[in-house]
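The values are calculated or read from the model by the stated rules, or taken from the named source; none is laboratory data. All values derive from a computational prediction rather than experimental measurement. Here the Cβ positions follow ideal geometry from the backbone for every residue, glycine too, while neighbour counts run over all protein chains shown. Side chains included, ligands, DNA and RNA excluded: accessible areas come from the protein's heavy atoms. Shrake-Rupley method; radii C 1.70, N 1.55, O 1.52, S 1.80 Å.
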Amino acid sequence: MKDFSELELDSELLRAIDEIGYSRPTVVQAQAIPHALDGKDVMASAPTGTGKTAAFLLPMIQHLQDFPRKKPGPARVLILTPTRELAIQVTEHARALAKYTNLKIFTITGGISYDEHAELLGKTQDIVVATPGRLMEYIESEKFDCRAIECLILDEADRMLDMGFGKIVERINHECRWRRQSLLFSATLEGKGVREFSETILNEPLEVNADPSRRERKKIHQMYLRCDNMEHKLALLENIIKDQAERTIIFVKTRERLAILRSQLDAMGIPCNWIQGEMAQAARTNMITRFRDGVVNVLIATDVAARGIDLPDVSHVINFDLPRTAEVYVHRIGRTARAGKKGTAIALVEAHDQGMIERISRYMKEEIQERFIHGLRPQTKKPSTAKKKKKVTKKVKEAKAKKKIKQAAKKSQAKS
């Protein structure tokens, strides 16, 4: 599919799409949007950064345009997201796509006062984007009416389960039982959890597994740099940030490592912000806003903190620590090369990481090339990850043969 006009969208939507800068539908958009426009339930997976949000927003906005409301009333489309940041991002995206319509789009999340929510809940709503916990509070107090919901959408469904929202989402699903359609979007559909979850939420869904095309993957230039030790690793990091990168996200595996790296970057004279799990919402929002606005161009993050956050114009993703799985690696590098732009992903690989970077290459079905920085080449030899066959000596062979003869003799004695 070469153009969004092939999706039979209204001119108001096509105009907004053009202004946002989308050039052509991504794989997940091309596969999911036609089914969603037909009113079918969809269960879709695609790596982060490949256009999942527009894949569910565009058909919903089109539906609301095709069947305009006759009188003021409560929300017709409900989108659930696992975090406040993601809810805000989806809302902003929805408003940009619905720019030339009269649709009313609101957010219901934690961190906002009851008075603010009470005001918007009294207004006409078309699309509401919400986090499960806060929305359930309003449903239970009969402040939010689910009876008018025509479509329920779950974004980042796998993370909702990881964060323990499964039971709450099932309750919201029951409250919205009069709806005509459900869509479930996730970075992965692997594992029993998401499958069982989908059986509760969806009705005979069409499944979309949208691996990005080679053209989309090529937008991220991937490489790895071998490190002799931590001193060498920090020197490589400093070189990348000061000489190559414009806006960088650095991924680390723990909060302890994040704290250490913050002080090390400070010693290098590199200003940075950071986000981590169990961080106060106000501080977290401030860190993300400063990075998004370009006040600070380096953000250190743990995986728990960064999942699902859409940050524009990230030029580099640096894996200071390699993740525990190849799937997480794909999530991480998806922070760059968004909205049709190009980006660079660099992994800093110590000797014990060599096997992991090779597993990631196999998972992605493409080789991640080793590269070098002038003056900072590794001095140690690249470790071999090939399994060595044990040499069987002549003595071992003779011992095994004798053992077999003895065992055969015992069997014959037992029979006699």
Open item on the list: Among the residues that make up the range 145-153, is at least one of them within 14 Å of S198 (Cα to Cα), open to solvent by less than 10 Å² (accessible area, probe 1.4 Å), out of contact with any Cys (no Cβ under 9 Å at 6 or more places or on another chain) and part of a loop (DSSP other than H, G, I, E, B)?
Closed with: no
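Could you grab me the full set of residues in the range 55-91 that are among the small types (G, A, S) and at pLDDT below 95? Explain how you work it out, then say what you get.
Taking the range 55-91 and keeping what is among the small types (G, A, S), we get 55, 73, 75, 87.
Once the filter is applied, which keeps residues that are among the small types (G, A, S) and at pLDDT below 95, the range 55-91 yields G73, A87.
What is the residue count in the range 207-232 for residues that are more than 17 Å from S361 (Cα to Cα) and modelled with pLDDT of 95 or more? I'd like the intermediate steps shown before the answer.
Narrowing the range 207-232 to residues more than 17 Å from S361 (Cα to Cα): 207-210, 215, 227-232.
From what is left, the residues that are modelled with pLDDT of 95 or more are 227-232.
Selection size over the range 207-232: 6.
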Task: Matching option when the condition is open to solvent by less than 10 Å² (accessible area, probe 1.4 Å) and either under 23 Å from D162 (Cβ atoms) or touching a residue at least 12 places away in the same chain (Cβ under 8 Å) (or both), among P82, P34 - done: P82
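Can you tell me how many residues in the range 181-200 are of a type in the set (S, T, N, Q), within 23 Å of G334 (Cβ to Cβ) and either in contact with a Lys or Arg (Cβ under 7 Å, 6 or more places away or on another chain) or outside any strand (DSSP E or B) (or both)? I'd like the intermediate steps shown before the answer.
First pass over the range 181-200, keeping only residues of a type in the set (S, T, N, Q): 181-182, 186, 188, 198, 200.
Now narrow it down to the ones that are within 23 Å of G334 (Cβ to Cβ): 186, 188, 198.
Now restrict to residues that are either in contact with a Lys or Arg (Cβ under 7 Å, 6 or more places away or on another chain) or outside any strand (DSSP E or B) (or both): 188, 198.
Here the count works out to 2.
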Task: Matching residues in the range 317-369 - criterion: being under 14 Å from C227 (Cα atoms) and open to solvent by less than 10 Å² (accessible area, probe 1.4 Å) - done: I318, N319, F320, D321, I346, A347, L348, V349, Q354, I357
TODO: Just one of (1) at pLDDT 95 or above; (2) open to solvent by less than 20 Å² (accessible area, probe 1.4 Å); (3) out of contact with any Asp or Glu (no Cβ under 7 Å at 6 or more places or on another chain) trips up I105, so point out which.
DONE: (3)
